Amino acid sequence: MRRRITQWTVAAAALALAPAGLRADTVWNQLVCTGTAFNVCVTFDLTTTGTPNQYKLVMTYTSTTANPGEAGVITSAGIYSFATSPDWNFRNLAVTSVSGGHRWRAGGCNDLHGGGQLTVEACSSASAPPPKNGLAVGESVTITFTSTTPITADAFGPNGNLAFRAHVQSFGPNDCSLKPDSRLGVVGGVDAVNRECGAPPPSTTTPEPISMILLGSGLFGVGVIRRRRNGLDIENV
């Protein structure tokens, strides 16, 4: 028993002293929601893989408030940069797993553009036809890639130049598309997406009959009081 405990202690110590590049660590984890009338949320989980300079990105269609049958599917997702420095130049991109038996490929994410100049650095997209192979709510795709420049959490912070984006198609009652974005919330803005996706118009409240009666009674009472006051003023003169 003592020998087994000693082996565990040595193993734990070796893991603690191992270089950070040999362990799988979280770089950045973010839940991105559009904030639209039919809200869409996508989770991006970026970690190291244990292999030096290699990273793993898991992208999951987490939730939506769209009606059943109108949730649409994610057809592409990934990381992009919106500044020229540093030049990330991610390489060796590969799809390692996809939920639901869907077919996805590395790259091919031209539909992630929009909302200003950007460079798609590492992404994956559904094979044709995209809606058929898209990710439904609860499903995910995992990609790996390498980078000669170490990726830290600062790259996704206020002073960084990396962000996440996904493309959802066949969404809402109008079968529209929208792009959840970790920097913008949603590409194009909430109002524009609501109009395109068929969001219900703001509700207008019609006064009930009893409310109209009470309002009329109140106005009548105010008129009586004013007449009485005017009559008293005349008598005092």
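Evaluated against (1) within 21 Å of residue 45 (Cβ to Cβ); (2) touching a residue at least 60 places away in the same chain (Cβ under 8 Å), residue 70 falls short on exactly one condition, (1).
Suppose we filter 51, 60, 43 for residues that are more than 16 Å from residue 156 (Cα to Cα), outside any loop (DSSP other than H, G, I, E, B) and in contact with a strand residue (DSSP E or B) (Cβ under 9 Å, 6 or more places away or on another chain); which single one remains?
Numbers: 51 fails: outside any loop (DSSP other than H, G, I, E, B); 43 fails: more than 16 Å from residue 156 (Cα to Cα).
The unique qualifying residue is 60.
The combined condition, being modelled with pLDDT of 95 or more, assigned by TED's automatic domain parsing to the domain that holds residue 140 and surrounded by fewer than 13 Cβ atoms within 10 Å (Cβ to Cβ), is not fulfilled by residue 110. Being assigned to a strand (DSSP E or B) and either in the same structural domain as residue 60 (by TED's automatic domain parsing) or touching a residue at least 24 places away in the same chain (Cβ under 8 Å) (or both) holds for only one residue in 155, 199, 192, 122, and it is 122.
Counting the residues of region 58-106 that are under 16 Å from residue 162 (Cβ atoms), surrounded by 17 or more Cβ atoms within 10 Å (Cβ to Cβ) and of a type in the set (Gly, Ala, Ser) gives 3. Of all the numbered requirements in (1) out of contact with any Gly (no Cβ under 6 Å at 6 or more places or on another chain); (2) assigned to a loop (DSSP other than H, G, I, E, B); (3) within 22 Å of residue 185 (Cα to Cα), residue 150 misses one, and that requirement is (3).
The values are calculated or read from the model by the stated rules, or taken from the named source; none is laboratory data. Not measured: the values here are computed from a predicted model. When we count neighbours, we look across all protein chains shown, and the Cβ atoms used for this are built from the backbone with ideal geometry, even at glycine.
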